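Undergrad: One structure, pasted below without further comment.
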Amino acid sequence: MIRCHQIGPVIQFIMGRVINGQLIRAMACYYIDGLLIDSGTIHVSAELAGAFSGLPIHTLVNTHHHEDHIGNNSWFQKHRKLGPALAHPLAVPIIEKSSPTILPLPEYRLKTWGDPPASRAQVIGSEIITENYRFKVLETPGHSPDHISLLEAEQGWLFAGDLYFGEKVIEIHQDEDPNNMLNSLMKLLQYDFEYLFCSSGKVLQGDTRQAILAKIAFWEEQRAQIRFFHKQGLEAEEIRDRLYGPETPLYEKCEEELGKIHLVQAFLKGIDHQ
Ligand SMILES: [Fe+2]
């Protein structure tokens with residue numbers, strides 16, 4: 001399913017697969033002035049021609065290499081004659097190779113977002129210029145090492161991919177690095193922006209700086225508590241249970257890739273037992 005929302009000159013495309021009548025784990029691509037930020041899950045490729053009909057697209061950017069962000073690169077390159085997708089240097093070789101590079105994708109990811117075919121990619125520069133706007137490229141690693149965000153300072157728009165997600169996040173993916181995410185969030189605070197466009201579909205407007213500060217404060221508090229209990233001699237699972245309770249059914253559904261334990265373990269990385 002693809003749903004469109006207009007937010008000023010920005011068009012948001014919510015994309016996701018419908019299973020048993022429910023839209024599952026949808027993601028958002030954004031279109032502005034000929035620029036397409038991410039290409040979405042391959043499961044919706046049959047709907048792209050209709051959804052993007054009449055929209056000129058000149059440039060495709062991938063915020064990172066995850067399958068729900070690059071899945072339709074090859075469709076846009078074939079059917080809309082787009083050039084290489086622009087991405088972080090670490091993302092380029094992954095996007096360009098066929099999916100075994102990022103395989104084995106667990107079954108739930110194949111079912112939810114699909115297997116992205118290889119597509120052409122090229123290292124992104126320091127900015128993207130469209131007819132009316134200028135986007136600064138910011139390296140914002142943590143969700144993945146190759147994650148970038150795009151800032152249009154004049155308009156106050158920040159396209160932050162999967163960096164923000166929400167304030168009180170206690171379940172993270174096994175390969176996410178919340179310490180790097182904290183650094184990236186702090187980096188964002190150097191800039192002024194009024195809109196925060198997330199790949200989750202969330203669009204924050206107004207005091208977005210406060211939202212980011214709140215997320216930083218929450219995770220810093222979690223990190224302090226996790227390390228405190230670690231110093232008391234608790235194991236990671238005990239810390240998880242004490243702070244957040246046991247895993248939800250999502251943990252099993254996601255083949256243990258997404259869970260509370262990963263936040264605890266990530267904040268304990270590099271901490272010696274005392
Ligand atoms: Fe992602």
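Undergrad: Test of understanding: among Tyr133, Tyr191, Tyr195, which residue is away from the ligand (no atom under 14 Å from the Cβ), of a type in the set (Ser, Thr, Tyr) and either within 27 Å of Leu23 (Cβ to Cβ) or in contact with a Lys or Arg (Cβ under 6 Å, 6 or more places away or on another chain) (or both)?
TA: Tyr195
Undergrad: Starting from the range 5-30, keep only residues that are within 15 Å of Asp68 (Cβ to Cβ), then list their pairs with residues that are among the acidic types (Asp, Glu) and surrounded by 15 or more Cβ atoms within 10 Å (Cβ to Cβ) whose Cβ atoms are within a distance under 6 Å, requiring at least 6 positions of separation or different chains.
TA: Going by the 6 Å Cβ cut-off, the qualifying pairs are Met27/Asp68; Cys29/Asp38.
Undergrad: Out of everything in the range 1-40 that is charged (D, E, K, R) and touching a strand residue (DSSP E or B) at 6+ places or on another chain (Cβ under 8 Å), what residue ends up being surrounded by the fewest Cβ atoms within 10 Å (Cβ to Cβ)?
TA: Ranking the candidates gives Arg3 first.
Undergrad: Now, a different point. Which of the residues belonging to the range 51-64 are touching a residue at least 24 places away in the same chain (Cβ under 8 Å) and away from the ligand (no atom under 16 Å from the Cβ)?
TA: Selection gives Ala51, Phe52, Leu55, Ile57, His58, Thr59, Leu60.
Undergrad: Filter the range 137-151 for residues that are within 18 Å of Asp33 (Cα to Cα) and either in contact (Cβ under 8 Å) with a residue 40 or more places away in the chain or surrounded by fewer than 14 Cβ atoms within 10 Å (Cβ to Cβ) (or both) and give the result.
TA: Listed by number, the residues that qualify are Ser149, Leu150, Leu151.
Undergrad: A follow-up question, please. Suppose we filter the range 65-74 for residues that are near the ligand (Cβ under 10 Å from one of its atoms) and surrounded by fewer than 23 Cβ atoms within 10 Å (Cβ to Cβ); how many remain?
TA: Residues in the range 65-74 being near the ligand (Cβ under 10 Å from one of its atoms) and surrounded by fewer than 23 Cβ atoms within 10 Å (Cβ to Cβ): 1 in total.
Undergrad: Also, I was wondering about something else. Residues of the range 197-243 being at positive phi and modelled with pLDDT of 95 or more, which ones?
TA: Those that are at positive phi and modelled with pLDDT of 95 or more: Gly201, Gly233.
Undergrad: Among the residues that make up the range 77-91, is at least one of them within 16 Å of the chain's Cα centre (by Cα), assigned to a strand (DSSP E or B) and away from the ligand (no atom under 16 Å from the Cβ)?
TA: yes
The values are calculated or read from the model by the stated rules, or taken from the named source; none is laboratory data. None of the values given here were measured: they were computed from a predicted structure. Here the Cβ is made from the backbone with ideal geometry for all residues, glycine too, and neighbour counts use every protein chain on show.
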